[in-house]
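The structure appears below as structure tokens.
The values are calculated or read from the model by the stated rules, or taken from the named source; none is laboratory data. The shown structure was predicted, so the numbers you read here are calculated from the model rather than taken from an experiment. Counting neighbours? That spans all protein chains shown, and the Cβs are built from the backbone with ideal geometry, glycine included.
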Amino acid sequence: MTESKSVAIHSETLTTALVVDLFKTGETNRKFNVIANDPQEIARRIAQRDVNATSLDELLGGGGDIISGKNYVNKPFQIESVEWQPSDIDGEGLPFYAVLHIVTIDGEIKVMTCGAQSVVRKVAVMAHNGWLPAWVKITKGTKTEAGYEPLDLVKAAGPEEKF
């Protein structure tokens, strides 16, 4: 059994470009030891995000809980932007996940998290190439022999489109 490589990544350096590079090189199985951010820097970024909010929902978080991608299957949404967070789940899967800032088909601003490899890879490529915002939906594939139901990301019609 090979031991996964461990690399210290400062959370600010977990960028779309880094995520895309990890997929290109096949090094998505690396373990990330995230170095804690400076609390003053975190406070500054939060204040900056608040000051730059363009709506009440953006300022106050949209009034809803975080949506899990696996619980939002076959529902169209628009990805506005993405952030990356290191995963603290040990075992299988990617060592990071996507935090998607989305708009639902009803116009609600929400936050969705997803760590499914296909979804994360496609979102990283979309963000890297400047293809956001985009209307998409998560689909669920046939259950694998190991019992997993793989998730994927496909194009979806927005509220004013017919697909």
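Computed values, structure above
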read-out: Some residue of segment 65-87 being part of a helix (DSSP H, G or I) and farther than 21 Å from Thr15 by Cα; value: yes
read-out: Extreme residue, farthest from Gly115 (Cα to Cα), among residues of segment 129-151 that are polar (S, T, N, Q) and in a loop (DSSP other than H, G, I, E, B); value: Asn129
read-out: Filter result (surrounded by fewer than 18 Cβ atoms within 10 Å (Cβ to Cβ) and either among the aromatic types (Phe, Trp, Tyr) or within 24 Å of Lys24 (Cα to Cα) (or both)) within segment 106-121; value: Thr113, Gln117, Ser118
read-out: Considering residues of segment 66-104 that are under 16 Å from Leu132 (Cα atoms) and of a type in the set (A, V, I, L, M) only, the residue surrounded by the fewest Cβ atoms within 10 Å (Cβ to Cβ); value: Val99
read-out: Whichever residue in segment 46-64 is in a loop (DSSP other than H, G, I, E, B) and of a type in the set (S, T, N, Q) and, among such residues, is modelled with the highest pLDDT; value: Asn52
read-out: Which listed residue, of Lys155, Lys137, is under 26 Å from Leu22 (Cβ atoms), in contact with a Pro (Cβ under 7 Å, 6 or more places away or on another chain) and in contact (Cβ under 8 Å) with a residue 12 or more places away in the chain; value: Lys137
read-out: Number of the condition not met by Thr28 [criteria: (1) modelled with pLDDT under 80; (2) loosely packed, with under 11 Cβ neighbours inside 10 Å]; value: (2)
read-out: Candidates Val154, Val123, Val111 - the one that is part of a strand (DSSP E or B), of a type in the set (Val, Ile, Thr), touching a strand residue (DSSP E or B) at 6+ places or on another chain (Cβ under 7 Å) and modelled with pLDDT of 95 or more; value: Val154
